[in-house]
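Take a look at the structure below.
Derivation of every value follows stated rules applied to the coordinates shown; laboratory data play no part. Computed from a prediction, not measured in an experiment: that's the story for all the values here. Note: ideal-geometry Cβ built from the backbone for every residue, glycine included; neighbour counts use all protein chains shown.
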Amino acid sequence: MPFIMRWPGKIKAGTETSEVTWALDLFPTICRFADVDTSGLTLDGRDISTLLTEQKPVGSREFYWQLGPHQELDRGRWTAVRQGDWKYLQDAQGAEFLFDLKTDPYEKQNLIKTEPEKYQALQKRRDELAKQLSPQAQPRE
């Protein structure tokens with residue numbers, strides 16, 4: 001997630017990283033900086049304070065996200081899962097995509113036909129996560 005953070009004396013100026021983070025990491029990170037105990041909470045994000053202050057890697061992660069239907073925007077529901085450099089996406093029309101973000105960061109080459117095992121594994125994982133995290137909204141058949 002591209003973003004800029006400034007905290008003189010805590011975060012070294014000019015620090016850059018290629019670690020994968022997302023907006024949901026900001027809440028637990030800010031809580032950590034503010035000495036707020038989140039140990040009893042189930043949070044979607046991860047505390048990345050040591051990445052910001054000490055440049056310690058966060059490691060490989062799995063991400064799942066979905067966008068619900070939006071009548072005013074005439075948009076249907078879509079889902080995605082990312083594991084490492086791989087991203088699976090199903091759009092509102094049911095079209096499916098598989099990308100290797102390491103070699104194709106702009107998501108131009110759909111690899112479903114050339115990587116069927118990876119496609120099936122990520123599609124299955126998306127289904128599991130959708131059921132676990134949002135039981136009222138199941139993936140399309």
If you average over every viewing direction, what projected area does the convex hull of the Cα atoms of region 1-59 give, in nm²? 4.1
Pulled fully out, how much extra length does the chain show between ARG61 and THR103, if you take 0.36 nm times their separation in residues and subtract their Cα-Cα distance? 13.3 nm
Which of LEU26, LEU41, LEU98 ends up with the largest GNM mean-square fluctuation for the chain, with Cα atoms connected below 10 Å? LEU41
Given Cβ point charges of +1 (Lys, Arg) and -1 (Asp, Glu) and nothing else, what value in debye, to the nearest 20, does the dipole of the chain about its Cα centre take? 120
Residue of THR53, THR21, THR42 that the Gaussian network model of the chain assigns the largest fluctuation, springs spanning Cα pairs under 10 Å: THR42
Once Lys and Arg are counted +1 and Asp and Glu -1 for all other residues with Cβ under 12 Å from that of TYR119, the total becomes +2
How big is the dipole moment of region 93-135 about its Cα centre under a simple scheme where the beta carbon of each Lys and Arg is +1, that of each Asp and Glu is -1, and everything else is neutral? Debye, nearest 20, please. 80
Mind listing the long-range amide H neighbours of LYS56? Cut-off is under 5 Å, sequence gap 5 or more, other chains count too, H placed in the peptide plane at 1.01 Å from N. LEU51
The residues SER49, SER60, SER39, sorted from fewest to most surrounding Cβ atoms within 10 Å, come out as SER39, SER60, SER49
GNM on the chain, C-alpha springs below 10 Å: top fluctuator among ASP37, ASP100, ASP85? ASP37
Scoring the chain by relative contact order with C-alpha pairs under 8 Å, at least six apart, yields a percentage of 13
Rounding to the nearest 10 and keeping the result within 0 to 90°, find how far the Cα-based axis of helix 116-133 lies from the longest principal axis of the chain. 70
What does the charge count around MET5 come to, taking other residues whose C-beta lies under 15 Å from its C-beta (Lys +1, Arg +1, Asp -1, Glu -1)? -1
Positive end of the dipole of the chain, charges at C-beta (+1 Lys, Arg; -1 Asp, Glu), about the Cα centre: which of THR17, ILE112, GLY45 has its Cα farthest in that direction? THR17
Reach of LYS113 by Cα under 17 Å, taken over aspartates and glutamates that are not fewer than 8 positions away in the same chain: GLU96, ASP100, ASP104
